[in-house]
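I have placed the structure first, in the form of structure tokens, so that the comments after it can refer back to it.
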Amino acid sequence: MRDRLRLRDIELNQVDVLVLGAGPAGCAAAILLARRSHRVMLVSPETPISGSLAVSIPPSARRVLEELGALDSLDAAGLYPNLGNSVIWADKPPRSEMFSNDSKGYHTDLATLERILLEIAAQAGVIVHHGYSARSAEQTKRGWSVRCEGAEGSRVIESTWVIDASGRHGVIARGEGRQVDRSTTTLAIIRRWRLEGGWPEADRHLTYIESYDTGWAWSVPLGDDLRCYTVMIDQRETELAGCDLSDILDRELHRTVHLGRSRNGAKPVEQAWACPASLYQATRYARPGLILAGDAGSFIDPLSSFGVKKALSSGWLAGIVANTALIDPDMTEASVNFFDAREKLVYRRYRENSAPFFQSAAQSHGTSYWIERARSANKAAGGASDSGLPQAAIRHRSDLLESNLPEADVRAAFDKIRAKDRLGAVRGATLRIFEGPGVAGHRIVMEQRLASAHWPSGMRYIRGVDLLQLIEAAISYDQVPEGWAAYNASAAAVTLPDYLTALSTAFAAGFLEHDMEAS
């Protein structure tokens, strides 16, 4: 009997995939893998103080949330609606960026989001051990041996694959080598305020974002009368020893034009707290048996609402890579290389997109805080080429990784299409088709991809639209509605907005061009 119990205990601690961390990335990976019938265990320590950090989930994250089966649970939880952003940046006038009426985002705190996703994971069959922390990890011939400790003692878990989604702590990621941007150091200081009667109706559902001379600040609503305020400062230029964090936060907010005054009449709900927020990225995000997902692999400035979406997409793709390797070992190397290239591209694209914002702040404020950040972002943005890095090629409803083409380029291509009497589409002069990895359903597969001189990394699917078939339809029909109808007759039906987005992307990427006679 004792031998049988010992054997059963060993079996309970042997899994296909061990996920470290219960944040958005870890839960996304665990849910996807469990639904693919793999034995998955997720371990996570008790929710730290950072769980009270407010987060904004943009409408664009709904695709991956739908894929995870989380939308109904998030709606049922009554999370505060996210309707857009109010931005005061550099010397530009204030502006509000509203989401479309048919798009819904969410405001919540990290602990609430984690609780909802953990419940979904458990329902999907994930073995959840909350209150456990991984203390050591050793790679073996069969996979990994990870020692975890919790309130009920210590346990050793044997796993074929490990997905480290333990955030900045990076249980395994730190030992794998992470490149820290040492040109800047950032500290986030956070506190909540409650305003009796609530904030003005027009601003209640908006995230505030504002730059000032020695940092930048943002505020996320958690209810009509509750807001979380955060400042991002340089810890090397701020006297912290012997200072109260609440006093530092107040001092920084008083430097702002709008955010400091927006608290007038509000009362703090809790003590201020701080956490490191400096940038870093992995030297390599995946290798056979190990994937670094979400913030375990890289951390970006939360200049927009991209942080949670980045983590969800990273975890979702990590689950696809592990699933592929478990059911088709011959695709392991191609899969981990695909994940590594995609995560590196996401980080670099962020640096490229943030550089103009930092540059404008440096020109407006003229302080070392912004000058150093602008210099660092410009250096990172210009330091590498897209060549050879695969973009997402996603089939059907799993179109969750974007092309990363600049939005302005896609919009300009759309405006040009709309202005023409006839499309006049021809193949791009530098268009080439090659064999490369892409995501099909929940697996990495080798398939035909499209590339050009403007977009050498290649792509295949946008919004579920097969660009290869779209090109044939666009070339054959001069009127967009006719091309859309022809596409739907030969491929899985897509909506006109999705077709137009894919068509605009194809022109922006140089896969298609307008002939000289198209007016």
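Starting from 0.36 nm per residue, how many nanometres of slack lie between D328 and S154 once their C-alpha separation is accounted for? Before the final figure, lay out each step's value.
Details: separation 174, 0.36 × 174 = 62.64 nm, distance 3.33 nm.
Going from the current span to full extension adds 59.3 nm.
So how far apart, in nm, are the two label points at R174 and A485 if each is 7 Å from Cα heading toward Cβ?
Simple spin-label model gives 6.3 nm for this pair.
Using 7 Å Cα-to-Cβ label points, what is the K379/H258 separation (nm, one decimal)?
Result: 3.2 nm between the two label points.
Rounded if a/c is under 1.5, else prolate if a/b is larger than b/c, else oblate: which is the chain, with a ≥ b ≥ c the root eigenvalues of its Cα gyration tensor? Could you put the intermediate results ahead of the total?
Values: a/c = 1.68, a/b = 1.08, b/c = 1.56.
Oblate.
Treating only the Cβ atoms of Lys and Arg (+1) and Asp and Glu (-1) as charged, compute the dipole magnitude of region 219-292 about its Cα centre; round to the nearest 20 debye. Write out the running numbers ahead of the final one.
Numbers: 9 positive and 10 negative charges, 77 e Å.
Computed about the Cα centre, the dipole is about 380 debye.
Have a look at the DSSP beta bridges in the chain and tell me what percent are antiparallel, nearest 5.
Numbers: 73 of 96 bridges.
Bridges in the chain are about 75 percent antiparallel.
Which of the pairs K141/K379; K310/K379; K141/K310; K92/K416 have their Cα atoms more than 30 Å apart in this structure? Show your work: numbers first, answer last.
Numbers: K141/K379 41 Å; K310/K379 22 Å; K141/K310 32 Å; K92/K416 28 Å.
Pairs exceeding 30 Å: K141/K379; K141/K310.
What part of the accessible area of region 5-155, given as a whole %, is carbon or sulfur when the probe is 1.4 angstrom?
Numbers: 3430 of 7080 Å².
Here it works out to 48 percent.
Based on DSSP H runs of at least 4 residues, each adding -39500 (n - 2.57), what is the mean residue ellipticity at 222 nm of the chain after dividing by all its residues, to the nearest 500 deg cm²/dmol? Write down the numbers at each step before the final one.
Values: 15 runs with 185 residues, N = 519.
That comes out to -11000 deg cm²/dmol.
Below 10 angstrom from the Cβ of V126, what's the summed charge of the other residues (Lys, Arg +1; Asp, Glu -1)? Intermediate results must be reported in sequence, preceding the final value.
On the way: positive: R35, R39; negative: none.
Neighbourhood net charge equals +2.
Pull up all non-local amide H partners of R39: gap of 5 or more, or a different chain, and H-to-H distance under 5 Å with H placed in the peptide plane.
Residues meeting the criterion, in which the H sits 1.01 Å from N, are D16, V17.
FRET efficiency for D224 and T283, Cβ-Cβ distance as r, R0 = 41 Å, nearest 0.05? It would help to have the intermediate numbers written out before the result.
Values: r = 45 Å, r/R0 = 1.11.
So the FRET efficiency works out to roughly 0.35.
Using a 1.4 Å probe, what is the accessible area per residue for the chain, in Å²?
Values: 22260 Å² over 519 residues.
Per-residue accessible area for the chain comes out at 43 Å².
How much length is gained if the chain between S476 and E97 is pulled fully straight, taking 0.36 nm per residue apart and subtracting their Cα-Cα distance, in nm to one decimal?
Working: separation 379, 0.36 × 379 = 136.44 nm, distance 3.78 nm.
Separation in residues times 0.36 nm, less the Cα-Cα distance, equals 132.7 nm.
For region 454-519, rounded, prolate or oblate, judged on the Cα gyration tensor with a ≥ b ≥ c (square roots of eigenvalues), a/c < 1.5 rounded, else prolate if a/b > b/c? Mind showing how you got there, number by number?
Details: a/c = 1.86, a/b = 1.07, b/c = 1.74.
Oblate is the answer for region 454-519, as a/c is 1.5 or above yet b/c matches or exceeds a/b.
Which of the helices in the chain, when you take each full DSSP H run, stretch at least 27 Å along the axis at their Cα atoms and have an average Kyte-Doolittle score of 1.0 or higher?
Working: long enough: 306-327 (31 Å, 1.05); 332-365 (49 Å, -0.85).
Sorted by number, the helices that extend far enough and score high enough are 306-327.
May I ask you to give the percent of accessible area on region 210-271 that is carbon plus sulfur, with a probe radius of 1.4 Å? Spell out each step's value before the answer.
On the way: 1300 of 2780 Å².
Ligands and nucleic acids excluded, carbon and sulfur give 47 percent.
The values are calculated or read from the model by the stated rules, or taken from the named source; none is laboratory data. This is a predicted model, so every value here is computed, not measured. Reconstructed Cβ throughout: ideal geometry from the backbone, glycine too, with neighbour counts over all protein chains shown. Ligands, DNA and RNA are excluded from the accessible area calculation, which covers all protein heavy atoms including side chains. Shrake-Rupley method; radii C 1.70, N 1.55, O 1.52, S 1.80 Å.
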